[in-house]
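Colleague: Just passing along the structure, written as structure tokens.
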């Protein structure tokens, strides 16, 4: 499956996420990360749920220190990550430079004071997209079996 995804992340306390080259100060609250996988969407999302992995992307460093509450898997044969990120940026505060190195936008991570799920589902409905919300790697694997 190809497509994009949202990760809904809870950060319990103010913190600094240190990656290989950058530092990102984050406030306690909720964050939405917008990503894509135009090859194996299920495997990418499943990887994000794992705690024991090689730290590669900015999001890996954040997930090591926070809680991934759920993911929204959004199948699409067209790359819509940038469009989704622009929509989320209308509601959340961007963390500049986080995870968007291959896009024209300045961030793929957005801060929300409160749980953002209603906003995310409204965005997906407005854009006419189908999605599936998952809360564990097991639920992601179940999706793979449905194909």
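Just so you know, all these numbers are worked out from the coordinates, no wet-lab data involved. In this text the structure is predicted, and so the values were computed from the model without any measurement. Cβ coordinates were reconstructed from backbone atoms using ideal geometry, including for glycine residues, and neighbour counts include every protein chain displayed.
Colleague: Averaging sequence separations of C-alpha pairs under 8 Å and six or more residues apart, then dividing by the length of the range 1-111, give the relative contact order as a whole percent.
Modeller: 34 percent
Colleague: Can you give the Rg to Rh ratio for the chain, taking only C-alpha atoms and Rh from Kirkwood?
Modeller: 0.93
Colleague: Quick check: pseudo-label points 7 Å beyond the Cα along Cα→Cβ at residue 27 and residue 122, how many nm apart are they?
Modeller: The two pseudo-label positions are separated by 1.9 nm.
Colleague: Ordered by packing density, taken as the mean number of other Cβ atoms within 10 Å over each peptide's residues, highest first, how do 28-39, 44-55 rank?
Modeller: Packing proxy ranking, top to bottom: 28-39, 44-55.
Colleague: If each DSSP helix of 4+ residues adds -39,500 (n - 2.57) and the sum is divided by the residues in the chain, what number results at 222 nm, nearest 500 deg cm²/dmol?
Modeller: Helix contribution divided over all residues of the chain: -8500 deg cm²/dmol.
Colleague: Under a 10 Å cutoff between Cα atoms, tell me which one of 68, 127, 26 has the largest fluctuation in the Gaussian network model of the chain.
Modeller: 127
Colleague: Determine one quarter of the surface area of the Cα convex hull of the range 59-138, which equals its mean projected area, and express it in nm² to one decimal.
Modeller: The number I arrive at for the range 59-138 is 6.0 nm².
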